[in-house]
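The values are calculated or read from the model by the stated rules, or taken from the named source; none is laboratory data. Everything quoted here is computed from the prediction, not taken from an experiment. Reconstructed Cβ throughout: ideal geometry from the backbone, glycine too, with neighbour counts over all protein chains shown. Keep in mind that these areas ignore ligands, DNA and RNA; they rest on the heavy atoms of the full protein, side chains included. Shrake-Rupley method; radii C 1.70, N 1.55, O 1.52, S 1.80 Å.
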Amino acid sequence: MAQLFSQRGFSGSIKITPDEFSRFKELVYNLAGIFLQDNRAFMVENRFSHRLTELGFKTYTEYINFLKNGVKGKAEEINMLELITTNETSFFRDGPQLDAFRNYTLKELIDIGNKTGRRELRIWSAGCSSGEEPYTLSIILHETLKNDFNKWRIRITANDISTNVLNLAKRGVYTKYALRATPQNIISKYFKQLDDNVFEVKPEVKKLVSFGKINLNDERAVRVIPRSQVVFCRNVIIYFDREMKKKVLNGFYSNLLDDGHLYVGHSESLHLITKDFRAKQHRGAISYRKVQAQTTIP
């Protein structure tokens, strides 16, 4: 879930009142833990006006009441979340973070695995959007392990709240724009070119990644995610309020194995939110490490 409320689209013709926006904010927060700032009312109009018209509603009150009532309302929650979240990302996004992962986290995990003989790598991409991040991680693993690749048991669990983008991720077909930060030799090696502007991820890259839908506000769903050595959750928690951030980070803490690694977006910080992770500075990036004694910040 890379970005909320893209500026793209039309100007909404159905206006939302302050009271309706307050009720809509509460509904979205209770469902997905996403906190909408007060200045997002216009963006809601921009995104939802056409949907209300499709359903035959003239006001947001009608739409909110529809969402709260019955089976059809439950089904509409999926469409509502699709409109709330947009997914703008790319392969090999934020190079310094990926360098830190490759040269620090992955190197350490490989060294430990080779010393102990337990050659397992478990990574969770939480908020994977349309698949660029977990496929990037898969490529990095292929490139790093090289001839030793088949000696390792590897699983990348990739989740998002959006059904539509997960379907795109499973297909693994992308335009050239999604590859704008990807070296040409990597494109040639790990992608099949379908035409001048379309590329498909090769099967060996897809094989490592298991996609599934998740709401990070659902504690039970988070608990069943396989335990991980590394969690990537980049450009997601920035959209949560303080309490939801603490809840999500607590879920990551529980999921991570001892001394596990956490990567969040470069504009996101855990400072004053949790003491459960210690920061490590890298060149142009920060990673976090799970501390053994979990603590709380009031």
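Comparing Cα centroids, the stretch 49-64 and the stretch 136-152 end up 49 angstrom apart. Heavy-atom accessible surface of the stretch 192-298, averaged per residue, reaches 53 Å², computed with a 1.4 Å probe. With a Förster radius of 35 Å applied to the beta-carbon distance between E143 and D196, the computed FRET efficiency rounds to 0.85. Under the shape rule built on the C-alpha gyration tensor, where the axes satisfy a ≥ b ≥ c, the stretch 118-200 is oblate, since a/c reaches at least 1.5 while a/b does not exceed b/c. Measuring only protein heavy atoms, the 1.4 Å probe finds K74 accessible over about 130 Å².
Tell me, what is the per residue accessible area of the stretch 135-186 in Å², probe radius 1.4 Å? Don't jump to the answer; show the numbers that get you there.
Values: 2580 Å² over 52 residues.
Here the per-residue accessible area is 50 Å².
The value of relative contact order for the stretch 115-169, using C-alpha pairs under 8 Å at least six residues apart, is 54 percent. Counting only protein heavy atoms and a probe of 1.4 Å, the accessible surface of the chain is 50% carbon and sulfur. Checking the table K68/K170; K107/K202; K246/K290 against a 21 Å threshold on Cα-Cα, which pairs fail? Result: K68/K170; K107/K202 exceed 21 Å.
In the chain, the DSSP beta bridges split such that about 45 percent are antiparallel, to the nearest 5.
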